[in-house]
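This report concerns only the one structure given below.
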Amino acid sequence: MATYQKRGYKPKTKEEVEEHVQEESTTAEVFESLDEGASKTEAWVENNQKPIFIGIAVIVVAVLGYLAFEKFIQEPKELEASNEMYQAQNYFNEAVEGSVAKDSLFNLALSGGEGKYGFLDIIDNYGSTKAGNLAHYYAGMAYLNTNKYQEAIDQLDAFESEDAMLAPLAKGAIGDAFMQLDQPEEALSYYEEAASKSDNNFVAPRFLLKAAKVAISLNENDKAVSFLNRIEEDYSESAEAGEVPLLLGVAGAE
C-alpha cells in the first residue's frame, strides 16, 4: 500500500525504491492515457469540423427562425385573429343574454355578419392562434344551443385548454350533447372528466350532479353515490347540494 511521503523524500530501502518506481510508472501511464484521449478528441474534432459547424449553424438558424416567426408572423396574426373575432363574440353574447331570435344570433356568430368573420371563419383562417382555438369553444356552444349536437361535439373536442372554467365547461357541454343524442354512457364519461378538471364551487357540483343522475339511470348506483357524497362533503353550500338527499335515497333504493 502506498504511503504518504514528503516532497523531496528519497527512498532508502530496496522496497521503497521499487514502490517509488511503480508509482512514477503508474502516474506516467495515467498522463499518457489522458494525452492519448485528448489527441483522439482533437483529431475527431479536426476531421469533423465541417459537419460540426453545419450542425451548429442549423441550430442557430432554427432558433433565430423561431424567434422571427413568433415576433413578425405569429404575434401579428394573434392580434388580427382577436380583432376579427370581436363581432362574432358580440353575436354570441347577445344570443346568450337575449330572449329573442337566439338561433339567428348563434348562426351569425358561427358564420359571420356585417362583413365580419364568424367563428368558423376564424377557425379556418386563424386555426393556429389562441383565438382560433377559442373559436372552437364558442362554435361548439353555438351548435349546442341550436341543437346541432354532433357538430357541437366535434368543435368542443377540438378545443384545447387547461383553464379552470373553460376546460370543464367544454367537457361538460360534450356530455350534454351526448345526452341529447341518447348516448348516456358517453355523457357520463364526459361529466366525470368535467368534474375532475375543476374544484370550482360553480362548475364541479354542477357536473357531479349531472354525472350522478346519469349513473342512476344506468343503474351504476355505487358510482352515483360517490358523486353525491362528494357534493355533500365538498360543496355543501352549492345549489346542487339541495338535491343530494333525494338522489341518495334513489340510488340506495335501487
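The values are calculated or read from the model by the stated rules, or taken from the named source; none is laboratory data. Values in this document were obtained by computation on a predicted structure and should not be read as measured data. FYI the Cβ positions are ideal-geometry reconstructions off the backbone, even for glycines, and counts take in every protein chain you see. To get the accessible areas, we keep the full protein, side chains included, count just its heavy atoms, and leave off ligands, DNA and RNA. Shrake-Rupley method; radii C 1.70, N 1.55, O 1.52, S 1.80 Å.
So the values come out like this:
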item	result
Test: residue in the stretch 162-181 that is more than 29 Å from residue 128 (Cα to Cα) and either out of contact with any helix residue (DSSP H, G or I) (no Cβ under 7 Å at 6 or more places or on another chain) or charged (D, E, K, R) (or both)	no
Qualifying positions in the stretch 180-209 - open to solvent by 60 Å² or more (accessible area, probe 1.4 Å) and in a helix (DSSP H, G or I)	180, 185, 186, 189, 192, 193, 196, 206
Filtered residue count, the stretch 232-245, keeping only those that are aliphatic (A, V, I, L, M) and part of a loop (DSSP other than H, G, I, E, B)	0
Which listed residue is open to solvent by less than 20 Å² (accessible area, probe 1.4 Å), out of contact with any Gly (no Cβ under 8 Å at 6 or more places or on another chain), assigned to a helix (DSSP H, G or I) and among the aliphatic types (A, V, I, L, M), from 228, 248	228
Residues within the stretch 158-179 that are crowded, with 17+ Cβ neighbours inside 10 Å and of a type in the set (D, E, K, R), tallied	2
